[in-house]
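I'd like to ask you about the structure that follows.
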């Protein structure tokens, strides 16, 4: 009788922990929904390895073969979502990674106009912004693929300079505070950078 009670108690702890059962189930449901949505919206594009930016959650997911490979907190634009030039908003829709910059740079290395400057930024945990909008450690420059939305004309994401990149303001990650780009913690942008190649698709949704 005691053994039965202990087994049941162990099962209850596993079920209620959220890490053993609930979290993977939620991820599977999320990926299933995404794959169905992407298959309907972009039927001519093969999307079995992509990055999903969930703006409401302030989360970024690397998804491969129907599984979440990694999950990261991010910061999107303080001004919300939009594709207009000069809006300082994060664009929605389907993109791809056009360029990767930052191979072998140390954490905190400053990148300006896609060139390492040789300088370093202090990585801060404070809940306030440092001056400017400094790009650190690694960057992934995005190119829109949806003509009229994020590709071509004044709303072109590539020419707007929309990137996924490291930031010295790590204390603000998880809140929408950027100038349009997608910010990540420095060690996490390194992890993501090493797992993906140019041409990887990025879908940005208000979810």
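Bear in mind that the values in this text are calculations on the coordinates, not laboratory data. Owing to the predicted nature of the structure, the values given are computational and were not obtained by experimental measurement. Positions of Cβ are generated from backbone atoms using ideal geometry, with glycine treated the same way; all protein chains shown enter the neighbour counts.
Packing-wise, with mean Cβ within 10 Å as the measure, how do 197-205, 97-105 rank, highest first?
Averaged packing, sorted descending, gives the order 197-205, 97-105.
Relative to the present Cα-Cα distance, how much length would full extension add between residue 107 and residue 41 at 0.36 nm per residue of separation?
Full extension from residue 107 to residue 41 adds 20.0 nm.
To the nearest µm²/s, what D does Stokes-Einstein give for region 95-207 at 25 °C and 0.890 mPa s, using the Kirkwood radius over alpha carbon pairs as Rh?
The Stokes-Einstein estimate is 170 µm²/s.
Would you kindly state how much longer the chain becomes between residue 57 and residue 195 on full extension, computed as 0.36 nm times their sequence separation minus their alpha carbon distance, in nm to one decimal?
Difference between extended and current length: 47.5 nm.
Compute the distance from the alpha-carbon center of region 53-87 to that of region 132-147, in whole Å.
Taking the Cα centre of each part, region 53-87 and region 132-147 sit 12 Å apart.
Further question: Taking Rh as the Kirkwood radius, which is the inverse of the mean 1/r over Cα pairs, what is the Rg/Rh value for region 22-121?
So for region 22-121, dividing Rg by the Kirkwood Rh gives 1.02.
Where does the chain land at 222 nm, in deg cm²/dmol rounded to the nearest 500, when only DSSP H runs of n ≥ 4 count, each adding -39500 (n - 2.57), divided by all residues?
-7500 deg cm²/dmol
Please compute the volume of the convex hull spanned by the alpha-carbon atoms of the chain and report it per residue in Å³.
With only Cα atoms used, the chain gives 142 Å³ per residue.
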